[in-house]
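Before any comments, here is the structure.
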Amino acid sequence: MIEASKLTEEFGSLVFNDKVMRERLPKDIYKAVHKTIEKGTHLELEVANCVAATMKEWAVENGATHFTHWFQPMTGLTAEKHDSFISPTDDGRVIMEFSGKELVKGEPDASSFPSGGLRATFEARGYTAWDPSSPAFIKDGSLYIPTAFCSYGGEALDKKTPLLRSMEALSYEAVKLLHLLGYEDVNRVNTTIGSEQEYFLIDKDYYKKRKDLLFTGRTLIGAPATKGQEMEDHYFGVIKPKVSAYMHDLDEELWKLGIPAKTKHNEVAPSQHELAPVFETANIAVDHNQLTMEVMKKVADKHNYACLLHEKPFEGINGSGKHNNWSVCTDTGINLLDPGKNPGENTPFLVFLMAVIAAVDEYAPILRLSVASAGNDHRLGGNEAPPAIISIFVGDELAEVLKAVEEGSAYQSAGKVQMAMGATVLPHFTKDNTDRNRTSPFAFTGNKFEFRMPGSSVSVANANIVLNTAVAEEVAKLYEKLAPFKGEELKAKIAEVLKETLAAHKRVLFNGNGYTDEWVEEAAKRGLPNLKSLPDAMPYWISDESVELFTKHGIFTKEEIHSRYEILLENYSKSVHIESLTMQEMVRKDLTEGIVAYEKDLGKEAMQKKSLLGENAALLEISLLKKLDDASFEMSKALEKLAEDTTIAEEKTDALETAAYYQSIVLADMNELRKYADQAEALIPDKYLSYPTYGQMLFSL
Ligand code: ADP
Ligand code: MG
């Protein structure tokens, strides 16, 4: 337990952070590491040796006996393999050692990680390379070293490498443009991310009794409880003491790891919660989010909870997302998405805002893809989540600013509006310049954009790789158009280019309610894509436009793009396949067992009543029996169809065709089966079921 007064000392106590480095490394070594972090310069072996020795000393003092290279393969999870620091001596003892070579490079066998055909299994070698820009930390007695992961041929097999490449690409293009605009002191821009993580907590004993949650992370059957989220009584509601104890423990674990957990609250659905950190540099924020998810599960286990991170664990109530708050900041401290007091005059802001608008419009299908997964497809387009159509909300003030850009007129800020609450004792403050719009997938929120489509379970790396690269491309295009001009000419040209870019992309701007059918129609009229599922969107990933974008900026090679295509599709098909098999088994065994047992009792009861009271007796029992029989009859037909179609899917070979089949046929079969399974389940008392119901899972904490 961290005492409140000790928090500032305890924060990051398990992290080999800048402070520790400054204290423990010789000055020249510390400087060399910093140069590598900031400028990406090559790290000499002697520097690495010194850092490694210091790291080991610090780690051992803090209880670590092992080290591991920690990386993020294409499974979307993290991977680790631990080696101890021990090294035997001639006289039968051991000493603790850790060399620069071990710090800088690892050689895990890569053959069992997804590579999408990038390497044959006999070319098993893979490399992990230290990412000095994300600090090492201690967890469970091991020193964790964040690393990038690549194949023997140097192709990225992970999410960190392309993320780092995309941050550099954006920085490179942005700096060029900023220099042109007169900001010559800027050397680098940094992408910043704050990802709000939603999750569910349920009783661990319940969790263990449900094969669907265990194997797939979501419930595949389950009649709704008689209460859902309609009372809107959970959102920001009082946090129950047991849950509060969990959140407290979670915060502490995260703080020790240097993760700036900031906000916690109950979310809309029953048993749903959220944790938001303070934003950080993109690659650290992504590492920290991966760690946060892991720690959430670990701490849940201690509290006898299961933490569900799936995007749609329960039908009929909200799913979970991970809002990706994103901005770009110069090394001189300017947030390029901060409109400032006078946005109409703020050229860097207007130029970058326009680049974001153009990027989101131009690359909407790829952005949609960056958040596609079997799980998230259930959430996007549901009423609680932004639709699969990508549009941008800019709010009233920016809408006015953009109007002025369009008309070539001068924008006059209305200034801050004083809030009037009608009671003089209440404090006086000014209103924000924009209201919130919770229905927009991509919303301007004051000094950053909030991309709301990412799912709760996956790494936010993908979304940010695409976002950074697309914006880098649009910044580059703006630069090309402006570069030949100087002085007054440049000023005039900027106005012209902004106007022209806005005209080309303003179809993506939408300030209204994104959840309505009218918007779906309107978006279709505007020509905005509505890609409802991963297989729908996947072809865009390997389109010429996508290959051009990613290869031009050095984010992916063509081979890496294709490998990711294969991996994503395969992953999707495998997920739905496991869901289908699990559902079949639960219906065939668990639910059927309950149905049969209850039918037997109902039948026995009805026969007895009839023999005692005559033919007209046992109306209720007979009517229930009949309903149950009807539902199970349909259920049995639907079960057979699902089994047959799943067998057909298993035989398919083309990756896209297979995934599309799983999406259009197998998932539809599952929905059909679920309808009847839930009808049957709704009739059966809880005690006949070997697994817990929605009511028990969602309202028991
Ligand atoms: P809300 O979504 O409720 O408006 P906040 O305004 O508190 O919440 O911000 C949500 C997240 O956005 C937090 O994680 C916060 O750190 C992050 N954030 C704030 N400013 C930036 C920024 N410049 N870049 C990236 N993320 C930011
Ligand atoms: Mg938010």
Suppose we keep only residues that are crowded, with 24+ Cβ neighbours inside 10 Å and polar (S, T, N, Q) within the stretch 433-456. Which one would you say is nearest to ligand 2 (Cβ to nearest atom)?
Ser440
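Looking only at the stretch 225-232, decide whether some residue is open to solvent by 10 Å² or more (accessible area, probe 1.4 Å), modelled with pLDDT under 95, among the acidic types (Asp, Glu) and away from ligand 1 (no atom under 12 Å from the Cβ). Can you show your working first?
Of the residues in the stretch 225-232, the ones open to solvent by 10 Å² or more (accessible area, probe 1.4 Å) are 225-232.
Filter once more, so that each one left must be modelled with pLDDT under 95: 225-232.
Imposing the further condition that a residue be among the acidic types (Asp, Glu) reduces the set to 230, 232.
Then drop every residue that is not away from ligand 1 (no atom under 12 Å from the Cβ), which leaves 230, 232.
There is at least one residue in the stretch 225-232 that is open to solvent by 10 Å² or more (accessible area, probe 1.4 Å), modelled with pLDDT under 95, among the acidic types (Asp, Glu) and away from ligand 1 (no atom under 12 Å from the Cβ).
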Using beta carbons and a limit of 7 Å, which pairs, at least six apart or on different chains, have the first residue in the stretch 445-474 and closer than 21 Å to Gly514 by Cα and the second one within 12 Å of ligand 2 (Cβ to nearest atom) and open to solvent by 10 Å² or more (accessible area, probe 1.4 Å)?
Lys448/Asn325; Glu450/His323; Glu450/Asn325; Arg452/His323; Ser456/Glu198
Restricting to helices (runs of 4 or more DSSP H) lying wholly in the stretch 604-701: which have 2 or more residues that are crowded, with 17+ Cβ neighbours inside 10 Å and more than 30 Å from the chain's Cα centre (by Cα)?
619-651, 667-683
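Select the strands (runs of 3 or more DSSP E) contained entirely in the stretch 79-157, then report the ones holding at least 2 residues which are closer than 27 Å to Arg564 by Cα.
Values: elements: 79-84, 86-88, 94-96, 126-130, 136-139, 142-151.
Counting at least 2 such residues, we get 79-84, 126-130, 142-151.
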When every residue in the stretch 249-287 that is part of a helix (DSSP H, G or I), more than 13 Å from ligand 1 (Cβ to nearest atom) and closer than 21 Å to Glu450 by Cβ is compared, the one farthest from the chain's Cα centre (by Cα) is Asn283
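Across the stretch 252-280, which residue is nearest to ligand 2 (Cβ to nearest atom) among those that are acidic (Asp, Glu) and open to solvent by less than 30 Å² (accessible area, probe 1.4 Å)? I'd like the intermediate steps shown before the answer.
So the first thing to find is which residues in the stretch 252-280 are acidic (Asp, Glu), and the list is 252-253, 267, 274, 280.
Pick out the ones that are also open to solvent by less than 30 Å² (accessible area, probe 1.4 Å) and you get 252, 267, 274.
Working: Glu252: 24, Glu267: 11, Glu274: 8 Å.
Step by step, filter the stretch 252-280, then rank; the result is Glu274.
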Is it the case, given these coordinates, that Lys525 is assigned to a loop (DSSP other than H, G, I, E, B) and either charged (D, E, K, R) or free of Cβ contacts under 8 Å to residues at least 12 places away in the same chain (or both)?
no
Any idea which residue in the stretch 438-480 is nearest to ligand 1 (Cβ to nearest atom), counting only those that are outside any helix (DSSP H, G or I) and of a type in the set (Phe, Trp, Tyr)?
Phe449
When the stretch 15-42 is checked residue by residue, the ones that are over 29 Å from Arg165 (Cβ atoms) and either surrounded by 14 or more Cβ atoms within 10 Å (Cβ to Cβ) or among the aliphatic types (A, V, I, L, M) (or both) are Arg24
Considering only the stretch 51-66, state which residues are in a helix (DSSP H, G or I) and either of a type outside the set (Gly, Ala, Ser) or touching a Leu at 6+ places or on another chain (Cβ under 6 Å) (or both).
Val51, Ala52, Thr54, Met55, Lys56, Glu57, Trp58, Ala59, Val60, Glu61
For the stretch 118-125, does any single residue satisfy the condition of being surrounded by 19 or more Cβ atoms within 10 Å (Cβ to Cβ) and within 24 Å of Gly154 (Cα to Cα)?
yes
Considering only residues of the stretch 87-105 that are farther than 15 Å from Thr54 by Cα and charged (D, E, K, R), which is surrounded by the most Cβ atoms within 10 Å (Cβ to Cβ)?
Lys105
When you look at Ala300, is it closer than 26 Å to Gly76 by Cα, open to solvent by less than 10 Å² (accessible area, probe 1.4 Å), part of a loop (DSSP other than H, G, I, E, B) and more than 15 Å from ligand 1 (Cβ to nearest atom), yes or no?
no
Which condition number does Glu57 fail, the rest of (1) within 23 Å of Leu291 (Cα to Cα); (2) free of Cβ contacts under 8 Å to residues at least 40 places away in the same chain; (3) exposed (fewer than 14 other Cβ atoms within 10 Å of the Cβ) being met?
(1)
Filtered residues of the stretch 457-466 (kept if over 23 Å from Asp338 (Cβ atoms) and within 14 Å of ligand 2 (Cβ to nearest atom))
none
Going through the stretch 193-212 one residue at a time, which ones are within 19 Å of the chain's Cα centre (by Cα) and either not assigned by TED's automatic domain parsing to the domain that holds Lys298 or not polar (S, T, N, Q) (or both)?
Ile193, Gly194, Glu196, Glu198, Tyr199, Phe200, Leu201
Just to check your reading of the model, which residue among Glu579, Glu548 is part of a helix (DSSP H, G or I) and buried (at least 21 other Cβ atoms within 10 Å of the Cβ)?
Glu579
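Give me the residue from the stretch 304-322 that is in contact with an Asp or Glu (Cβ under 9 Å, 6 or more places away or on another chain) and open to solvent by 40 Å² or more (accessible area, probe 1.4 Å) and, out of that set, nearest to ligand 1 (Cβ to nearest atom).
Glu315
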Look through the stretch 176-196, keep the residues that are open to solvent by 20 Å² or more (accessible area, probe 1.4 Å) and aliphatic (A, V, I, L, M), and return whichever of them is nearest to ligand 1 (Cβ to nearest atom).
Leu181
Unmet requirement for Ser244, which otherwise passes all of (1) within 16 Å of ligand 2 (Cβ to nearest atom); (2) in a helix (DSSP H, G or I)
(1)
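Scan Phe215, Phe200, Phe236 and give me the residue that is open to solvent by 50 Å² or more (accessible area, probe 1.4 Å), outside any helix (DSSP H, G or I) and either of a type in the set (Phe, Trp, Tyr) or over 28 Å from Asn376 (Cβ atoms) (or both). If you could, list the steps in order and put the result at the bottom.
Numbers: Phe215 fails: outside any helix (DSSP H, G or I); Phe200 fails: open to solvent by 50 Å² or more (accessible area, probe 1.4 Å).
That would be Phe236, the only listed residue that is open to solvent by 50 Å² or more (accessible area, probe 1.4 Å), outside any helix (DSSP H, G or I) and either of a type in the set (Phe, Trp, Tyr) or over 28 Å from Asn376 (Cβ atoms) (or both).
The values are calculated or read from the model by the stated rules, or taken from the named source; none is laboratory data. All figures in this text were calculated on a predicted structure; none of them were measured in a lab. So basically every Cβ, Gly included, is an ideal-geometry build from the backbone, and we count neighbours across all protein chains shown. To get the accessible areas, we keep the full protein, side chains included, count just its heavy atoms, and leave off ligands, DNA and RNA. Shrake-Rupley method; radii C 1.70, N 1.55, O 1.52, S 1.80 Å.
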